[in-house]
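The values are calculated or read from the model by the stated rules, or taken from the named source; none is laboratory data. It should be emphasised that the depicted structure is a prediction, and the values quoted were computed from it without experimental measurement. Methodologically, a virtual Cβ is constructed for each residue, glycine included, from the backbone with ideal geometry; neighbour enumeration extends over all protein chains shown. All accessible areas refer to the heavy atoms of the entire protein, side chains included, with ligands and DNA or RNA removed. Shrake-Rupley method; radii C 1.70, N 1.55, O 1.52, S 1.80 Å.
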Amino acid sequence: MADFEGERDLLRIYIGERDKLHGKPLYHAIVELFRTNHFAGATVLRGIMGFGASAKLHTDRFDVLSLDMPIVVECVETTEKIDAIMPELDRMVGGGLVTREKVRVTLHRPAAPTGS
């Protein structure tokens with residue numbers, strides 16, 4: 001039995017590993033924004049290869065190693081909570097890409113242990 005089934009928004013932010021905000025990694029600041037606003041969770045993914053608007057290839061291959069690997073920060077949350085942080089997120093993310101889409105969520109939580 002699912003604890004929750006319904007529609008939520010999936011927010012993805014594509015940035016670079018070297019992107020900073022006030023001297024700290026931008027992805028840290030984004031996750032902290034989500035945490036401060038009581039989001040259900042967030043995940044930071046480090047890509048092994050990619051390119052952005054500049055078409056410069058970023059890869060972890062040793063022969064063409066990049067120090068600015070692709071980073072994706074994503075979360076699934078209500079439309080209202082995402083709408084509330086979008087102005088601040090827009091100020092934080094200068095050269096990145098932000099996408100948003102509707103997703104169907106089925107949330108399962110572990111069952112409480114039963115006494116034997």
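Side notes on the structure shown:
- Failed item, numbered, when MET69 is tested on (1) open to solvent by 80 Å² or more (accessible area, probe 1.4 Å); (2) among the hydrophobic types (A, V, I, L, M, F, W, C); (3) over 26 Å from ARG8 (Cα atoms): (1)
- Qualifying residues in region 41-66 (those that are within 13 Å of GLY16 (Cα to Cα) and modelled with pLDDT of 95 or more) - the one least open to solvent (accessible area, probe 1.4 Å): VAL44
- Qualifying residue in region 82-101 (condition: in contact with a Leu (Cβ under 9 Å, 6 or more places away or on another chain) and basic (Lys, Arg)): yes
- Neighbours by Cβ (under 7 Å, 6+ apart or cross-chain): first from region 96-116, in contact (Cβ under 8 Å) with a residue 24 or more places away in the chain; second in a loop (DSSP other than H, G, I, E, B) and aromatic (Phe, Trp, Tyr): none
- Within region 79-101, the set of residues being surrounded by fewer than 10 Cβ atoms within 10 Å (Cβ to Cβ) and over 15 Å from the mean Cα position of the chain (by Cα) comprises GLU80, PRO87, ARG91.
- When region 5-25 is limited to residues that are open to solvent by 60 Å² or more (accessible area, probe 1.4 Å) and of a type outside the set (Lys, Arg), the one that is farthest from VAL98 (Cα to Cα) turns out to be GLU5.
- Put simply, of HIS28, HIS38 the only residue that is at positive phi, open to solvent by 80 Å² or more (accessible area, probe 1.4 Å) and without any contact (Cβ under 8 Å) to a residue 60 or more places away in the chain is HIS38.
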